[in-house]
Amino acid sequence: MIRATAAGKVILCGEHSVVYGRPAIAVPVSSLRTTAEVQPLPPGSGVHLIAQDLHEQTWLRETTDEHPLGKATRLVLARLQAAEPDAELTLRSDLPIAAGLGSGAAAAVAAIRAWAQFLGHPFPPSTVSELAYEVEKLHHGTPSGIDNSVVAWEQPIYFIKGLAPQPFRMPRPLHLLIADSGVRSATGQAVAEVRRRWQATTAEFEAYFNAIAEIAAAARTALTEGNLPALGPLLNENHRLLRRMGVSLPALDALVQAARAAGASGAKLTGGGMGGNIIALVTPATQETVRQALLDAGAVRVWTSTHSTPR
Ligand code: MEV
C-alpha cells in the first residue's frame, strides 16, 4: 500500500487581490492533513476512487474531467504516459471542506503524490503543484495558484500569480489560532462575487487591491525579520479591506472582534471568505484566553497552529 499526505494552508494576507496579480502570503498548516492511500486491485479492475469524507465512490471510467479526483488521476497517468492501473485510491482529510483552508488543493496534491508514487515516479513539488493547479481550475475558473503552491511546497511562501512561489524563512515562530465559523462557502462563489464587484466599480477595487499589496509586502518584511508585533496591525487592516470588498460576514467579524478583544494582536478572515475561517495572531501567553473567547463567540472549532522554519 502507498500512502501520501498533503497539508492544509492559511492565507496570512492577500486573498482575492492575488487573483488580480497582487502579492499574497500563505503558510502551510502541517497539522491538518489530507491522506491518500492506494492499494492494488485484481487485474482488469481499473481505478476505483473513494472520497471518504464526502461518502462518495466511483470508478475512474465513470468520471468526467469535471470530477476533481478523476481529473487528478488522469493528469498523473497522462504525465507519466502510464496505462490505467488496477488500484483503489482512498482519500480522507482532517480539513473542513469549503472553509478557506485549502481542502481542494490538499486533496489534489495528496492524490497526485499517491498516484505518482504508486506508479514508481514520485514528482518534485513543481510538478505536483502544476498538476494540482489544473484541478484547482475546477473549483473556480481563475485560481491564482497560491493554494496548490503552498500545499505542494509545504513552506511559507510569498506568491505572485504567474511567478514561481518565493519561499521565505521566519526566524520567530508564528502562533496562530484558526477558528471555524461553521458557515460553508465555496471559494468559487466568493471569487465570482469579487469579480462582479470589481467589474462594476473597478477603480474602487483596484485601490483595495493596491492597499492589500502593500500590506503583503510589509508582512513579508515583518515575518522575515521576526518582527511579529508589526504583523498584527497589518492583518487587522487586511480584514478591514476585505470587509469593504464585501467578502466578510457578521459571523466572521464577530470572531475577529472577539479574538482582538481577548488579546490577539491581529485577526482576519482567511481564504475566500463569505464563511469559513478566521486567523488570530497570538502568543503562548494569550493563546488560551483567545481560544476560549473564540469558542464563546460561536466558533465551531479552533485549531492551534505554530509555524516555524528552523534552520
Ligand atoms: C483562496 O484560498 C484564495 C483566493 O485568493 C483565490 C485564489 O487565490 O485563487 C480567494
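How big is the dipole moment of the range 174-307 about its Cα centre under a simple scheme where the beta carbon of each Lys and Arg is +1, that of each Asp and Glu is -1, and everything else is neutral? Debye, nearest 20, please.
Working: 12 positive and 10 negative charges, 54 e Å.
I would put it at about 260 debye.
Given 0.36 nm per residue, what is the gain on full extension from residue 3 to residue 189 after removing their alpha carbon distance, in nm?
On the way: separation 186, 0.36 × 186 = 66.96 nm, distance 3.24 nm.
Length difference between fully extended and current span is 63.7 nm.
Between residue 97 and residue 82, with labels modelled 7 Å along Cα→Cβ, what's the label distance in nm to one decimal, could you check?
For the pair residue 97/residue 82, the computed spacing is 2.6 nm.
Which whole-number percent gives the relative contact order of the range 2-167, counting Cα pairs below 8 Å spaced six or more residues apart?
Numbers: 361 pairs, mean separation 51.5, N = 166.
Taking the mean separation of contacting Cα pairs over the length of the range 2-167, I get 31 percent.
Under a point-charge model restricted to the Cβ atoms of Lys and Arg (+1) and Asp and Glu (-1), what is the dipole moment magnitude of the chain relative to its Cα centre, in debye to the nearest 20? Working shown, then result.
Details: 27 positive and 26 negative charges, 131 e Å.
I would put it at about 620 debye.
Starting with the highest mean, order 2-15, 199-212, 81-94, 98-111 by the number of other Cβ atoms within 10 Å, averaged over the residues of each peptide.
Values: 2-15: 25.6, 199-212: 14.6, 81-94: 17.1, 98-111: 28.6.
Those peptides, ordered most packed to least, come out 98-111, 2-15, 81-94, 199-212.
Modelled label-to-label distance, residue 301 and residue 166, 7 Å Cα→beta-carbon offset: nm?
Each label point lies 7 Å from its Cα, and together they span 3.4 nm.
Taking the beta-carbon count within 10 Å as an exposure proxy, list 239, 121 from fewest neighbours to most.
Working: 239 24, 121 13.
Ordered by Cβ neighbours within 10 Å, fewest first: 121, 239.
Would you work out the relative contact order for the range 174-307, in percent, from Cα pairs under 8 angstrom that are 6 or more residues apart? If you can, show how the numbers build up before the last one.
Working: 221 pairs, mean separation 56.4, N = 134.
Relative CO of the range 174-307 lands at 42 percent.
Just tell me which lysines come within less than 24 Å, Cα to Cα, of residue 268; anything on the same chain fewer than 8 places away is out.
9, 161
Order these by the 10 Å Cβ neighbour count, fewest first: 253, 147, 65. Spell out each step's value before the answer.
Values: 253 16, 147 33, 65 12.
Placing the least packed residue first, the sequence is 65, 253, 147.
We did not get these values from a lab; they are worked out from the coordinates using the rules stated. No experiment lies behind these values; they were computed from the predicted model shown. Cβ sites come from the backbone with ideal geometry, for glycine too, and all protein chains shown count toward neighbours.
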